[in-house]
Amino acid sequence: MYPIATRAAQVLAALALCATLVGLFAQNAALITASAAIWLVLAWAFAESIPMGRKLRRERLEFAWWLDHGTGSASGSVVAGVPFLVRCFARHRGGSDLHVSELTPVASHTLDIDEEEEAAFVFTANARSEFTLKVKAVAAGRVVLHGLAIRLRGPLG
């Protein structure tokens with residue numbers, strides 16, 4: 001896990017860069033000081049985001065999923081082009097709630113996942129959270145759901 005700058009952080013960095021360059025060329029101490037403060041806030045947010053991956057591994061966030069056989073065809077098998085449900089759960093053994101801003105299934109290209117399922121939610125501390133994914137096999141053959149990728153909110157949102 002590595003920190004990814006949000007759109008707001010990218011705009012703030014561009015603003016800080018412009019302020020730094022203008023301040024240096026104009027030899028304006030106030031502008032240079034303001035841009036240095038912006039750079040310090042961005043550096044702080046980056047430094048606070050780095051240990052989040054290690055924290056997730058330490059708190060042992062676990063995902064599991066299985067096919068809900070009641071949603072396919074009458075025989076319980078999956079049919080290409082027919083939506084079916086994959087039941088999922090996440091067990092969060094940590095001591096504080098995790099505020100997930102995005103949960104994205106990592107799947108093979110033969111699996112079409114309903115985009116409405118990527119919603120923000122909270123994994124409660126020391127609890128098991130259940131949810132379902134509505135998916136559809138694009139073609140006949142083997143389909144694989146590799147896992148789930150999560151995006152957490154950082155210190156600056």
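The values are calculated or read from the model by the stated rules, or taken from the named source; none is laboratory data. As the structure is a computational prediction, the values presented were derived from the model and not from experiment. Note that each Cβ is placed from the backbone with ideal geometry, even for glycine, and that neighbours are counted across all protein chains shown. Protein only, heavy atoms only, side chains kept; ligands, DNA and RNA dropped before computing areas. Shrake-Rupley method; radii C 1.70, N 1.55, O 1.52, S 1.80 Å.
Below, the figures for the structure above:
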quantity	calculated
Residue count for segment 9-47, restricted to those that are open to solvent by 70 Å² or more (accessible area, probe 1.4 Å) and within 21 Å of Gly154 (Cβ to Cβ)	8
Residue satisfying all of: in segment 87-113; open to solvent by less than 60 Å² (accessible area, probe 1.4 Å) and farther than 30 Å from Ala140 by Cα; modelled with the highest pLDDT among these	His92
The lone exception for Arg54 - which of (1) open to solvent by less than 80 Å² (accessible area, probe 1.4 Å); (2) within 28 Å of the chain's Cα centre (by Cα) it fails	(1)
Residue list for segment 114-138, restricted to those being modelled with pLDDT of 80 or more, of a type outside the set (Phe, Trp, Tyr) and out of contact with any Phe, Trp or Tyr (no Cβ under 6 Å at 6 or more places or on another chain)	Val122, Thr124, Ala125, Asn126, Ala127, Thr132, Leu133, Lys134, Val135, Lys136, Ala137, Val138
Residue that is modelled with the lowest pLDDT [pool: residues in segment 139-157 that are over 14 Å from Val100 (Cβ atoms) and open to solvent by 90 Å² or more (accessible area, probe 1.4 Å)]	Leu156
